[in-house]
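Values quoted throughout were computed directly from the atomic coordinates according to the rules given, and no laboratory measurement underlies them. None of the values given here were measured: they were computed from a predicted structure. Ideal geometry is used to build each Cβ from the backbone, glycine not excepted, and the neighbour counts take in all protein chains shown.
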Amino acid sequence: MSTGPGADSAPGHTSTTTRASGSAKNSMFSSLKIRNYRLFATGQVVSNTGTWMQRIAQDWLVLSLTGSASAVGITIALQFLPMMLFGLYGGVLADRLPKRPLLLCTQAAMGLTGIALAVLTLAGHVQVWHVYLAAFLLGLVTVVDNPARQTFVSEMVGKDQVANAVSLNSANFQSARLVGPALAGVLITAVGSGWAFLLNGLSFAAPIIGLLLMRTHELHPVEVQPRAKGQLREGLRYVAGRPELIWPIVLVGFIGTFGFNFPIWLSAFVSKVFHGDAGTYGLFNTLIAAGSLVGALLAARRGHSRLRLLVAAAVLFSVLLLVTAFAPGFWLFAALLVPIGIFGLTVNVTANSSVQMATDPEMRGRVMALFMMVFTGGTPIGAPLVGWITDTYGARIGMAAGGAVSLAAAVTIGLVLSRVGNLRLSVNRHGVAFVPAERRHLVTAA
């Protein structure tokens, strides 16, 4: 899961490069030298594998019960609806409460959700509304779990390793994404979806054990914020006044709402275009995951985030969606999923790390809750709409529509970043970059 908090203080202006504190020469896996983070990462790769198994099994179960891509879209929408409705409140709670005990509660609750769905499925009593309810309950827990988990990263690694940990968290998630869909495809074909749900529920024992084994004296705790009126509004004002925060958040909002609807598109391509089965669906997800893993490792190696990289990755991701939508053959379609994964993950990690590293510690929970609310909270709007387009006009038009909207957003916000928020386009011998207006004037004067 692409997570990780920011530096200790927000910069006065957004520079060409937002850098992590500490040495720029950190190795790709430097955060793993920290024991508490190793425990966290180990637990997360196990539970993330289970999570991906459940996602594939859930989508395929709904498609099997209904035969409708729109029903898959509704399931996804219900899972992310709580984030849209209550996401900011989850950030307030993450700023108010100690992160480690809070995560113990949320991880346990997520495990119980998977086990409950497994019991219903294995007993042969599962209905579509059961899956809808489980997805909604999981979304409610995620409202608190996401900002708490993201802000807890800095407490484990300290500010010098934040950027590296953000990228490694994404690599962790994508590594699990390589294994989870493949296992889910095998399990669904061999014994049914229920076992995938059960293994997911049990997988949450790993992060719980990891949290319990941590050495609390080695953490870097951030002082929790006392309960007070207006904390939610304070978070919104904080973001609204900082262009280095607001525009990356707006961009990932469009990309997340219209460009990350792969469960809908891939299930439709498998069933309606290529006439495959659950194994084919798992293969497609694995290929996207392989690309995403490459993107995450490249981000870990860079150790910094650039606004121009964010916009460029968003444009390339959107163009690839359009091209892939009309790929004439199975293997060309499959091959194009790898670069889609690379650039989609680059958009996510670059926006995530640049926002977090420009945020004051006491505001991290609320800012990252807003980030995740915009990134995933738009799914209840985008998923049903994209599902309807896919059902009505076909898988190719549905995917192309998502790519077109994402491309329009990326180009528009790229232009906005060059003119608004005290940022201007600078062209010199070092290349092209967005820089503060003051800096451009100084360069011109020199």
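Details
- A straight chain from Arg215 to Leu236 at 0.36 nm per residue would run longer than the Cα-Cα distance by 4.1 nm.
- Annotated for the chain: lysine pairs at least 8 residues apart or interchain, Cα distance under 30 Å, count 8.
- Contact order relative to length of the chain, as percent, for alpha carbon pairs under 8 angstrom and 6 or more apart: 31 percent
- Separation of alpha-carbon centers, the range 133-181 and the range 223-274, rounded to whole Å: 15 Å
- Beyond 11 Å, the tail of the calculated P(r) for the range 75-121 holds 74 percent of the Cα pairs.
- Gyration tensor (alpha-carbon) shape descriptor, the range 302-352, a/c threshold 1.5: prolate
- Set against the labelled values [x] 20.3; [y] 43.5; [z] 18.8, mean projected area of the Cα convex hull in nm² computed from this structure falls on [x].
- Surrounding net charge for Ile397, when Lys and Arg each add one and Asp and Glu each subtract one, Cβ distance under 14 Å: +1
- Among residues other than Ala135 with Cβ under 14 Å from its Cβ, the summed charge is 0 (Lys and Arg +1, Asp and Glu -1).
- Value at 222 nm in deg cm²/dmol, rounded to 500, when DSSP H runs of n ≥ 4 in the chain each add -39,500 (n - 2.57): -25000 deg cm²/dmol
- Inverse mean reciprocal Cα-Cα distance (Kirkwood Rh) of the range 213-349, Å: 17.7 Å
- Once C-alpha pairs closer than 8 Å and six or more residues apart are averaged by separation and normalised to the residue number of the range 309-377, the relative contact order reads 34 percent.
- Loop-resident trypsin sites (Lys or Arg not before Pro) (DSSP state other than H, G, I, E or B) in the range 142-249 with no more than 14 further Cβ atoms inside 10 Å of their Cβ: Arg215, Arg227, Lys229.
- Computed over the range 161-263, Kirkwood Rh from alpha-carbon pairs, angstrom: 18.4 Å
- Under the span-like rule (Cα at least 30 Å along the axis, Kyte-Doolittle mean at least 1.0), DSSP H helices of the chain: 69-96, 99-122, 330-356, 395-417
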